[in-house]
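Reviewing the structure listed below.
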Amino acid sequence: MSQAGLVVRAWANRGIAQLDTGKLAPFHFPRRLIRPLPGDRIVLDAADALIEVLPRKNEFGRGDARGRFRAVAANLDRAVIVIAPRPAPSPDLVHRYLTAALIHGVEPVVVVNKRDLGLREGEWFSDLDDLAELGYRIIRTRCKPQAEVDELARLCRDGISLLAGQSGVGKTSLLNALVPDLDERTSALSHVTGKGTHTTTTATVYPLSDQAGIIDTPGVWEYGLWAMTPAELERGFPEFAAHSHHCRFRNCRHDSEPGCAVRAAAESGLIPASRHAAWLRLLAEQRRIA
Ligand SMILES: Nc1nc2c(ncn2[C@@H]2O[C@H](COP(=O)(O)OP(=O)(O)O)[C@@H](O)[C@H]2O)c(=O)[nH]1
Ligand SMILES: [Mg+2]
Ligand SMILES: [Zn+2]
């Protein structure tokens, strides 16, 4: 008899699934199958061996040290990009995450945490207004002195949300505020996972309901993109699309080519100059990755 479930954690050739009965089940998988990811829907046999990973609607991931794509999770409904005034975001962090989400067809949401610190956003992250103007969703939260996360909680009620962002911005604190019985879930999970596993570096799904779950991505992420073509990178800048087909050259990189309509749009304020500047930095970064 087979059983269906959701992968909540996977490492080496093992994982933990939340079965549709609600039970947590450890499973193992043969190497010939694709590696299951947190967020995957799977089928196990009666001996808890993996039979099938159901088709994914998307993957979300990052570049490794050699510039190759490494998937972190699957079947996301949104990527929650968490930033805070402390630690301040590195210059292109948000643009990188946005690009990764948009390329994979995952809705990005920028969460500005630690509102209680009272620091003016324009002073520590001047691109935020431009992102709001382009229509990217921005939600402000705080976890201290008491949590204020209602808008984010409402959004996360449906589908799978992945919390991304550099270490220290408050991802785990947000998870605590969003998942009511987090302590019990965490201890149930570590009981099934057993000792000797690097649970502090493994992405984990915390189910909220049949319909929803939140993925925390622990560990220190200096988030980097993977090697990709300029055309792929440009999918991370959808606001260029209305202009780029007026560029003189079909393969225009929107750098210093003559007749570049994207550069002209940035110079005349039709698209934010900060996004064009971010594009040029990520394009240069691609040359280093490749
Ligand atoms: N002042 C303030 N501190 C916060 C807030 N959220 C989290 N922190 C603190 O920031 C630190 C890092 O939080 P944590 O949730 O571990 O961040 P993570 O590394 O992204 O998971 C901890 O000391 C938290 O108490 C907040 O909204 N305001
Ligand atoms: Mg954390
Ligand atoms: Zn151009």
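The values are calculated or read from the model by the stated rules, or taken from the named source; none is laboratory data. The structure presented is a predicted model; accordingly, all values stated were derived computationally and were not measured. For neighbour counting, all protein chains shown are included, and Cβ atoms are generated from backbone atoms with ideal geometry for every residue, glycine included.
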Report task. Look through the stretch 274-290, keep the residues that are exposed (fewer than 14 other Cβ atoms within 10 Å of the Cβ) and without any contact (Cβ under 8 Å) to a residue 24 or more places away in the chain, and return whichever of them is farthest from ALA227 (Cα to Cα). Result -> ALA284
Query raised in the report: Quick check: anything in the stretch 231-240 part of a strand (DSSP E or B), closer than 30 Å to ARG275 by Cα and in contact with a Ser or Thr (Cβ under 8 Å, 6 or more places away or on another chain)?
Result: no
Query - the stretch 114-126 residues that are farther than 18 Å from ILE139 by Cβ, paired with ones that are among the small types (Gly, Ala, Ser) and away from ligand 3 (no atom under 16 Å from the Cβ) (beta carbon under 9 Å, 6 or more apart) - result: SER126/SER274
Query raised in the report: When you scan the stretch 46-73, how many residues do you find that are of a type outside the set (Asp, Glu) and without any contact (Cβ under 8 Å) to a residue 60 or more places away in the chain?
Result: 14
Report task. Could you tell me which numbered condition ALA100 fails, if it satisfies all but one of (1) over 22 Å from LEU282 (Cα atoms); (2) in contact with a Leu (Cβ under 8 Å, 6 or more places away or on another chain); (3) among the small types (Gly, Ala, Ser)? Result -> (1)
Requested in this report: Scan the stretch 123-130 and give yes if some residue there is farther than 19 Å from LEU208 by Cα, surrounded by fewer than 16 Cβ atoms within 10 Å (Cβ to Cβ) and of a type in the set (D, E, K, R), otherwise no.
Outcome: yes
Report task. Identify, from the list LEU182, LEU178, the residue that is within 14 Å of ligand 1 (Cβ to nearest atom), surrounded by fewer than 17 Cβ atoms within 10 Å (Cβ to Cβ) and modelled with pLDDT of 90 or more. Result -> LEU182
